[in-house]
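Chemist: Before I ask anything, here is the structure I am working with.
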Amino acid sequence: MICVSLGRTRHSSMMEEHRALAEKKAELVELRVDYMKKRPDIGLLLKDRPTPVVVTCRRRIDRGRWFGTEEQRQAILREAIIAGAEYVDLEDDIAKSVRRYGKTKRIVSYHNFDETPLELYDIHRRMAQCDADIIKIVTMANSPADNVRMLEMVESAEIPTVGFCMGELGTISRILCGRAGSPFTYASFSRERELAPGQLSYAEVRNLYRYNRITKDTKVFGVIGDPIAHSKSPLIHNAAFRKLGIDAVYLPLRIPADVLQPSLKEFDRLSISGYSVTIPHKEAALQFCDTMADETDLIGAANTLIRHDGKWIATNTDAPAALDVIQQGLKKAGGVTDLAGRRVLILGAGGVSRAVGYALIRAGAAVSISNRSRERGRELAAELECQFVSWENRGAETCEVLINCTSVGMHPNLDESPFEQHWLGDSTLVFDTVYNPEQTLLLKHARERGCPTVSGVEMFVQQAARQFELFTGQAAPTEYMAETLRVSTSAAHAIIEPADTAPAKPQKIALRPVAEADDMDEADAADD
């Protein structure tokens, strides 16, 4: 179940939004009465309430907005109990001073906005002595491992326990706490109205991650990177799971570069089945895997990790996806799709550049690398055994295919381009791997010059589709994934509503045998 937190300054606004949430099928709503400018009228707020409620009046020391006295605050909580609120939230240090009455259930809560203490179990045992119907422990995640400790504590609890971590690092525990046994998680009315650090919106928790359908049998996948909040991978993978009725969820997992290995080892305790890998982990991910596809070893970067029989397999779908969309672009332009001998200029020297460059060189193209960091650009060019062009001289390089593998032009820097318009040849195929926005300034300039173009959406979907097939053993709904991505990038925060009809019957996921992993060819490789 999802508890949606409402914090409004006026009674009329609180009640109006409560009704709106009920219409959107919310099952439980938290009324944060500490947000109200005037003393809250509990009777008015609870009269004819459209859903069960949790009444919360959070004091300032707990990051709430209550400015009255503590005696007045506790009086409001007692008033909510007498009025028959379904739940009332009582901080652990005052719970024993507020007596049980009637049918109102007691949520005894502990919040720590600085850290996730090592003594979680001791805190829980102390709170269990406070006559709690539900224990709520919410802490700040300072490392990905904090989520693991929190979820294991929730799973071991004898008293029903709501437990998750705050902040961007805590997203995984907000979504998986129900699988660990939490009675509910918390969400905001909208993403712009979060009441706690890292709080997700009701639409995201319900529709994107399908929280209420996650069980112990649900397969868990995720994308690891830093930063990760901008990633559209959760959107299109979860859409594909929903489309095919697959019992799986895909999460954004922020992992700082300096803790990648220990964090992934900790996440093993959560039985995660696979990862997409993005910046800055594509090269370091190889150190975590037990085996890898031959091509991935040669590329030196992975964007997919799959667990099978307790072993991690690394592979890369950027390379085949890039080759495929480039050839499609040449075909649409009426040209020859054979890349042998074609002059290609790649901008950037990261993991995507390495994969794309490898694929093109293998196809016989004459590749040049240009990068803002001269040292890193030279290193990649040496690895690929191709030419290096300084960033200052990139415009002087004649090319038949131009590929942008940098982040220049990515949202929100929409007015930037890594290549001047007058440097473009009239027939140059311009491929921008940036997918948000789909129509970058580079592609706009290219079309104005009459150049054929390929957008990052095309590659992003292709590599995700190949990755999806490795994750599930099923063909990806590629067109549906592409349309979902385009809708989301054209309408801010767009999330597809699930149909009200009965969902497709969940399907079991069959991973491919490990024996096939080392012999994967381009058609089998898959990535984020």
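The values are calculated or read from the model by the stated rules, or taken from the named source; none is laboratory data. Every value quoted in this text rests on a predicted model; they were computed, and no experiment measured them. Cβ placement follows ideal geometry from the backbone for every residue including glycine, while neighbour counts extend to all protein chains displayed.
Chemist: Return the residues of region 255-273 that are touching a residue at least 40 places away in the same chain (Cβ under 8 Å), assigned to a helix (DSSP H, G or I) and crowded, with 20+ Cβ neighbours inside 10 Å; say none if nothing qualifies.
Modeler: Ser263, Leu264, Phe267
Chemist: Which is in contact with a strand residue (DSSP E or B) (Cβ under 9 Å, 6 or more places away or on another chain) and basic (Lys, Arg), of Arg39, Arg19, Arg78, Arg10? Spell out the reasoning first.
Modeler: Values: Arg39 fails: in contact with a strand residue (DSSP E or B) (Cβ under 9 Å, 6 or more places away or on another chain); Arg19 fails: in contact with a strand residue (DSSP E or B) (Cβ under 9 Å, 6 or more places away or on another chain); Arg10 fails: in contact with a strand residue (DSSP E or B) (Cβ under 9 Å, 6 or more places away or on another chain).
Answer to the check: Arg78.
Chemist: Taking the conditions exactly as written (in contact with a Phe, Trp or Tyr (Cβ under 8 Å, 6 or more places away or on another chain) and farther than 20 Å from Ser490 by Cα), does Asn393 satisfy them or not?
Modeler: So Asn393 fails the test.
Chemist: Given the criteria of a type in the set (Phe, Trp, Tyr) and assigned by TED's automatic domain parsing to the domain that holds Asn303, does Tyr202 qualify?
Modeler: Details: of a type in the set (Phe, Trp, Tyr): yes; assigned by TED's automatic domain parsing to the domain that holds Asn303: no.
For Tyr202, the condition - of a type in the set (Phe, Trp, Tyr) and assigned by TED's automatic domain parsing to the domain that holds Asn303 - is not met.
Chemist: I would also like to ask the following. Within region 388-407, restricting attention to residues that are in contact with a strand residue (DSSP E or B) (Cβ under 8 Å, 6 or more places away or on another chain) and assigned to a loop (DSSP other than H, G, I, E, B), which residue is surrounded by the most Cβ atoms within 10 Å (Cβ to Cβ)?
Modeler: My answer is Cys405.
Chemist: Related question: Given the conditions (1) among the hydrophobic types (A, V, I, L, M, F, W, C); (2) more than 24 Å from Glu194 (Cβ to Cβ); (3) free of Cβ contacts under 8 Å to residues at least 24 places away in the same chain, which single one is not true for Val98?
Modeler: It is condition (3) that Val98 fails.
Chemist: Which condition from (1) crowded, with 21+ Cβ neighbours inside 10 Å; (2) more than 19 Å from His11 (Cα to Cα); (3) among the charged types (D, E, K, R) is the one that Arg58 breaks?
Modeler: The number of the failed condition is (2).
Chemist: Tell me the residue from Ala365, Ala382, Ala396 that is farther than 16 Å from Ala319 by Cα, of a type in the set (A, V, I, L, M), modelled with pLDDT of 95 or more and not assigned by TED's automatic domain parsing to the domain that holds Asn303, please.
Modeler: Unique residue meeting the criteria: Ala382.
Chemist: Among the residues of region 103-121, which ones are surrounded by fewer than 15 Cβ atoms within 10 Å (Cβ to Cβ) and in a helix (DSSP H, G or I)?
Modeler: Within region 103-121, just Tyr121 meets the criteria.
Chemist: Any idea how many residues of region 122-154 are β-branched (Val, Ile, Thr), out of contact with any Pro (no Cβ under 6 Å at 6 or more places or on another chain) and assigned to a strand (DSSP E or B)?
Modeler: 4
Chemist: Output the residues belonging to region 290-334 that are surrounded by 22 or more Cβ atoms within 10 Å (Cβ to Cβ), under 24 Å from the mean Cα position of the chain (by Cα), not polar (S, T, N, Q) and not in a helix (DSSP H, G or I).
Modeler: Answer for region 290-334, where residues must be surrounded by 22 or more Cβ atoms within 10 Å (Cβ to Cβ), under 24 Å from the mean Cα position of the chain (by Cα), not polar (S, T, N, Q) and not in a helix (DSSP H, G or I): Ala301, Ala302, Leu305, Ile306, Ile313, Ala314.
Chemist: Name the single residue that is surrounded by the fewest Cβ atoms within 10 Å (Cβ to Cβ) among those in region 274-289 being touching an Asp or Glu at 6+ places or on another chain (Cβ under 7 Å) and modelled with pLDDT under 95.
Modeler: Kept after step one, since they are touching an Asp or Glu at 6+ places or on another chain (Cβ under 7 Å), are these residues of region 274-289: 276-278, 280.
Add one more test, that the residue is modelled with pLDDT under 95, and what stays is 278, 280.
Details: Thr278: 24, Pro280: 16.
Out of the qualifying residues, it is Pro280.
Chemist: In this structure, does Asp226 turn out to be among the acidic types (Asp, Glu), touching a residue at least 60 places away in the same chain (Cβ under 8 Å) and surrounded by 18 or more Cβ atoms within 10 Å (Cβ to Cβ)?
Modeler: No.
Chemist: Let me ask something additional. Quick check: is even one residue across region 299-308 hydrophobic (A, V, I, L, M, F, W, C), touching a residue at least 60 places away in the same chain (Cβ under 8 Å) and within 25 Å of Ile403 (Cα to Cα)?
Modeler: Yes, region 299-308 has at least one match.
Chemist: Could you check how many residues of region 53-75 are in contact with a Phe, Trp or Tyr (Cβ under 9 Å, 6 or more places away or on another chain) and not in a strand (DSSP E or B)?
Modeler: 9
Chemist: Which of the residues that make up region 360-387 are buried (at least 17 other Cβ atoms within 10 Å of the Cβ) and closer than 11 Å to Gly348 by Cα?
Modeler: Ser368, Ile369, Ser370, Asn371, Gly377, Leu380, Ala381
Chemist: Related question: Just to verify a result, which residue in region 63-102, among those that are closer than 20 Å to Ala128 by Cβ and acidic (Asp, Glu), is surrounded by the most Cβ atoms within 10 Å (Cβ to Cβ)?
Modeler: Checked region 63-102; the qualifying residue surrounded by the most Cβ atoms within 10 Å (Cβ to Cβ) is Glu91.
Chemist: Looking at this structure, is Leu200 modelled with pLDDT of 95 or more and within 10 Å of the chain's Cα centre (by Cα)?
Modeler: no
Chemist: From (1) touching a Gly at 6+ places or on another chain (Cβ under 8 Å); (2) assigned to a strand (DSSP E or B), pick out the condition that doesn't hold for Arg174.
Modeler: Tallying (1) touching a Gly at 6+ places or on another chain (Cβ under 8 Å); (2) assigned to a strand (DSSP E or B), Arg174 fails exactly one: (2).
Chemist: Has region 34-47 got at least one residue that is closer than 24 Å to Arg126 by Cα, assigned to a loop (DSSP other than H, G, I, E, B) and in the same structural domain as Ala132 (by TED's automatic domain parsing)?
Modeler: Among the residues of region 34-47, not one is closer than 24 Å to Arg126 by Cα, assigned to a loop (DSSP other than H, G, I, E, B) and in the same structural domain as Ala132 (by TED's automatic domain parsing), which makes the answer no.
Chemist: What residue, among those in region 14-33 that are assigned to a helix (DSSP H, G or I) and touching a residue at least 40 places away in the same chain (Cβ under 8 Å), is surrounded by the most Cβ atoms within 10 Å (Cβ to Cβ)?
Modeler: Val33
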